[in-house]
Structures are given as C-alpha cells and as structure tokens.
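The values are calculated or read from the model by the stated rules, or taken from the named source; none is laboratory data. All figures in this text were calculated on a predicted structure; none of them were measured in a lab. Here the Cβ positions follow ideal geometry from the backbone for every residue, glycine too, while neighbour counts run over all protein chains shown. Surface accessibility is based on the protein's heavy atoms, side chains included, excluding ligands, DNA and RNA. Shrake-Rupley method; radii C 1.70, N 1.55, O 1.52, S 1.80 Å.
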Amino acid sequence: RRQRALLWGVLLAAWEAAWGQLRYSVPEEMPKGSFVGDVAKDLGLQLPEFTDRGFRIVDRGRTQYFSLHGKTGHLVTAERIDREQLCRLVEKCVLRCELIVEGQMQVYGIEVEIKDINDNAPIFRDAEIELRMSETTAPGSRFSLPRAHDPDTGLNSLQSYELSGDEHFSLAVQVGPGGDQRPELVLAKALDREEATFHELVLRAMDGGDPARTGTARIRVTVLDANDNAPVFSQAEYTVRVPEDVPVGSVLVTVMATDVDEGLYGLVKYSMKKETDTASDIFHLDSETGAIKLLKILDFEEGDSYELEVQAHDSGALFDTTKVVITVTDVNDNAPELTVSSKLNEISEDAPPGTVVALLHLQDRDSGANGELTSNPSFSLAMKESPDGSKPELVLERALDREKQSSFELVMMAVDAGDPARSGTVQIRVNVTDANDNPPVFAQDRYHVSLREDAPPGSAVLNLSASDADAGTNARITYSFGKMPTKTLQKFMVDAESGSVTLQEALDFEDTSLFSLAVEAKDGG
C-alpha cells in the first residue's frame with residue numbers, strides 16, 4: 001500500500017518553472033532516501049549540465065527533511081517524515097525549502113505536500129469510562145461521552161461511532177459547527193436499580209481508511225438512588241483572551257456551577273474532559289474551585305486557540321458541561337531573521353544598474369507584518385523586495401567608480417512592526433574590481449628640449465612619465481613613437497617601459513635644427 005501511495009505521489013508532482021516554483025507530494029512515513037521528485041528533469045537540464053552548475057538545497061527550518069542526489073538530480077527524503085508530528089493543527093501539510101543555483105543569482109522555491117496515510121487508529125483518552133445515573137433519569141436523557149482522537153486527516157481520520165451492549169441505551173452523534181462529531185449516550189429505557197445496579201457498554205470509534213482502524217472504550221453505568229437536581233454552570237460557554245507571554249501559574253479563568261440540592265448531592269466538583277494530552281499538558285483545572293491555571297509557556301506560533309470541555313458533577317450521578325475557549329494573542333517575542341542565501345564577493349565597476357549582488361531571506365515567526373528592510377542610503381546598493389517580502393534582493397542602484405570607492409561594507413537591517421520593534425541584521429562586504437575606464441595622462445602635453453649637435457649617440461634626451469588611475473593590467477603603461485618621418489625615427493628611440501627618449505644617431509645642426517617627436521602612452525586594457 002505504501003508503494004502504491006508513493007507512485008501516486010510521483011504522478012501528482014507538478015512544478016511551475018515560470019514562477020521559479022517546484023511542487024511535489026510524498027506520503028508520510030517513507031524511509032530515508034525515498035524519491036520525491038526529479039529536479040533535474042523538471043528544470044529541463046541534462047545531468048552533466050545539472051552537476052556542473054552547482055545546485056544545493058537550503059531548508060529554513062530546524063530540521064532538513066530533503067536532500068538533493070547529485071548524480072541523479074533527484075530530490076529525496078533526508079528523514080522519515082511524520083505528518084501528524086509536523087502538522088498537528090494543519091489540514092494540508094506542506095514543507096518548504098529552496099534550491100539555489102550557485103553563481104547565477106537564482107533561487108527556486110520547493111513545496112512538498114506530505115500526504116496522510118492511515119497509520120493511526122482512533123484513540124480514547126480513557127479506555128474505561130465510569131458513568132453514574134439516577135434511577136429516576138428520564139428516558140431520552142442524553143449524556144456527553146468522551147470523543148476519540150485520530151491525528152490522521154481526511155478519510156483516514158475519525159468518521160463514525162457505534163455503541164453495543166444494552167437495550168437501555170442508544171447512541172446519538174451531534175455534529176458541531178466545525179464538522180466534529182460529538183457522541184452522546186441516550187437513555188432509551190427507564191432504569192431500575194433493583195433490576196440492575198450497573199450496565200456494561202462498548203463504544204467504538206472508526207476511521208475511513210482502507211482497511212479501517214478502530215478504537216474502543218468500555219462504559220460502565222452505575223445506577224444510583226435519586227438525586228433530582230444537577231449542577232448548573234453560570235455560563236454555557238466561557239471565553240478568555242490571554243497574551244502568549246502570560247506567566248506560568250496564572251489563573252486564566254474560573255468556571256462556576258451551583259447545585260440546589262443539599263448535603264453531598266449539593267457538593268460540586270470539577271473535571272476536565274481530556275480528548276488529547278495537549279490540554280492537560282498546558283492547563284490545570286482545580287477540582288474544588290474551578291480555577292484553570294497555566295502549566296507551561298504559551299506560544300502563539302504553535303497554537304492560537306484551545307477549547308476545553310469542563311464538567312461539574314455532584315456527589316450523585318448528575319453533572320453539567322460547559323465549554324471554555326482560550327484564545328492566545330500574539331506578542332512581539334521573535335526578532336526578524338535576515339540571512340544571506342547567496343552573494344557576489346566582488347563586482348566590476350562597469351556593472352550596469354540593476355545587477356543582483358546578493359539574495360537575502362527574511363522571516364519572522366510572529367504574525368502580522370514580516371518586517372521592513374532599511375539600508376544606508378549613501379551607498380550605491382539598494383534593496384529590492386520580492387512579491388511576498390521574504391526573499392529581498394540587494395541590487396546595484398547606480399554606477400560604481402572603483403577609483404573613488406573600492407569596497408562596500410553594508411549592514412542590512414530588518415525591522416518588524418511590533419511595539420517595541422525588534423530587528424535583525426546581516427553584514428555584507430562587496431569588493432569593486434577595476435574596469436579600464438581611465439586613459440593614461442602625461443604630466444604635460446608638450447615638452448621643449450635643447451640638445452647640442454655634438455651630443456654622442458646614447459645621450460638621454462628626455463624622461464617622459466604618464467599616469468593611469470586604473471589598477472593592475474589596466475594601469476600598466478607602455479610608450480612608443482607615433483607617426484613620424486623615417487629620418488626622425490632613425491635619430492631617436494623611446495624605451496617602452498620607462499618612457500626615456502635617447503639619441504640613436506649623431507646630429508647635424510646645419511642639416512636639421514628642429515625635430516618634432518610624437519610619443520604615445522598606452523595602458524594594458
């Protein structure tokens with residue numbers, strides 16, 4: 001069955017290259033190394049090209065659930081994935097990671113939907129349920145029963161209940177506003193304590209998997225003598241809103257019920273019906289006072305609402321039930337996280353405006369605005385937001401000039417909209433490389449030199465010098481004569497490296513008294 005589910009997951013995988021987004025699906029509980037999707041094929045790359053480009057998977061969560069197989073270009077599972085553990089409160093379980101193309105300033109988002117399998121049976125918190133009913137209880141009376149819990153989703157989750165064991169009782173199932181099923185025990189036939197002091201029933205919960213899984217709870221109903229007044233809560237539903245940073249030990253709300261009976265039948269105690277362990281781990285109900293206290297720190301990002309079912313019962317068999325809804329409000333307890341996904345270590349000074357210098361990633365676990373980015377406006381680099389604000393880019397805003405500034409030290413900051421605001425920073429250094437944008441320049445554009453006609457060959461005529469504001473090869477200068485008469489070229493020589501002009505042949509004033517030399521300086525660009 002698991003292999004069949006994997007095949008369907010592969011057939012249903014889809015990607016949207018136009019938006020840089022890859023989408024796949026895979027069943028939960030697959031072993032490590034299981035196939036998720038053919039990334040190389042979906043990107044339209046041959047394996048040699050895929051290997052040469054340098055791809056890597058980045059997972060922003062605490063655990064990396066996927067890895068990339070370098071030889072095949074396949075995305076595979078890096079861990080066994082339990083959907084119920086990852087997405088306990090989410091109907092559609094999606095894990096996200098990123099595929100970064102090194103050196104190309106390109107990133108692909110990957111979404112993998114974790115499909116549910118029927119790996120959990122419905123479970124009742126208590127396998128044994130004790131109920132106590134007065135023999136005067138009227139037929140048709142209804143009694144709330146504990147609900148079963150099944151962490152699976154869809155058809156694999158809880159679908160139905162059934163009751164067996166006694167003609168005195170039947171089962172009714174109420175459907176809540178959210179579609180949840182609430183089993184109720186219905187008294188179908190009047191009780192007679194003298195006939196039977198207790199009744200044994202079996203409640204079954206079934207899911208819709210193939211094959212179906214079943215959970216059971218045994219119900220023992222003890223028949224008591226008459227107690228004609230049940231406790232009554234002051235409210236049918238209690239609602240309270242608390243910030244997520246409320247201290248542990250705080251009383252969040254106090255429920256109250258009264259019973260007009262006297263003596264033991266009028267003594268009210270409280271209990272919390274626990275369908276899952278979550279509520280009992282976080283909240284404590286005082287059975288005497290009805291006060292609900294906080295047992296552990298709340299986290300809005302893990303759960304923003306809790307619904308408790310509280311029962312008030314007297315010393316007889318009667319009780320009342322109320323609902324307590326605790327809503328958790330967000331506080332600004334998480335700073336924005338700004339990280340560098342990929343960046344250029346150096347950029348040429350002739351790079352055009354709009355060149356992407358770095359890919360950033362921004363996230364804030366709090367709700368609301370993800371954060372606002374700021375940068376130092378005196379630099380030539382600026383921020384460019386992605387559509388969802390989580391993948392900003394650092395881009396070149398205006399032309400660079402290495403001769404004025406050869407490197408940039410940027411501190412990027414992300415600020416959230418909290419009060420007080422929290423911020424996260426990341427530091428980026430970018431070196432500017434030289435482009436041949438400056439010609440050599442002589443100290444003078446014209447030189448006048450006098451030389452005796454009896455100067456011997458090899459005599460120094462003039463030491464020329466030119467400078468170039470560029471660096472490296474672009475600033476290396478060589479000297480040569482320009483276009484001149486052959487006679488002049490025979491008389492003089494210029495050193496290509498030093499720029500020194502020397503005499504090569506003897507002079508004759510009566511033959512020529514003036515020479516005009518054209519000297520050129522060229523850089524290595």
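Of note:
- Against the criterion of being outside the structural domain of LEU503 (by the TED database) and in a strand (DSSP E or B), VAL426 qualifies.
- Considering residues of segment 401-423 that are in a loop (DSSP other than H, G, I, E, B) and of a type in the set (S, T, N, Q) only, the residue modelled with the lowest pLDDT: SER406
- Odd one out for THR486 among (1) surrounded by 13 or more Cβ atoms within 10 Å (Cβ to Cβ); (2) at pLDDT 85 or above: (1)
- ARG446 being within 30 Å of VAL432 (Cβ to Cβ), modelled with pLDDT of 90 or more, open to solvent by 80 Å² or more (accessible area, probe 1.4 Å) and of a type in the set (Lys, Arg): no
- Annotation: of all residues in segment 88-124 being at pLDDT 90 or above and part of a loop (DSSP other than H, G, I, E, B), the one that is surrounded by the fewest Cβ atoms within 10 Å (Cβ to Cβ) is PHE124.
- Among residues of segment 49-63 being outside any loop (DSSP other than H, G, I, E, B) and modelled with pLDDT under 75, the one that is least open to solvent (accessible area, probe 1.4 Å) is PHE50.
- Residue in segment 175-184 that is at positive phi and either assigned by the TED database to the domain that holds ASP152 or at pLDDT 95 or above (or both) present: yes
- Test result for TYR479, open to solvent by less than 80 Å² (accessible area, probe 1.4 Å) and assigned to a loop (DSSP other than H, G, I, E, B): no
- Residue list for segment 426-437, restricted to those being under 13 Å from GLY524 (Cβ atoms) and surrounded by 19 or more Cβ atoms within 10 Å (Cβ to Cβ): ASP434
- Failed criterion for SER67 (all others in (1) open to solvent by 60 Å² or more (accessible area, probe 1.4 Å); (2) free of Cβ contacts under 8 Å to residues at least 24 places away in the same chain; (3) over 30 Å from GLN181 (Cβ atoms) hold): (1)
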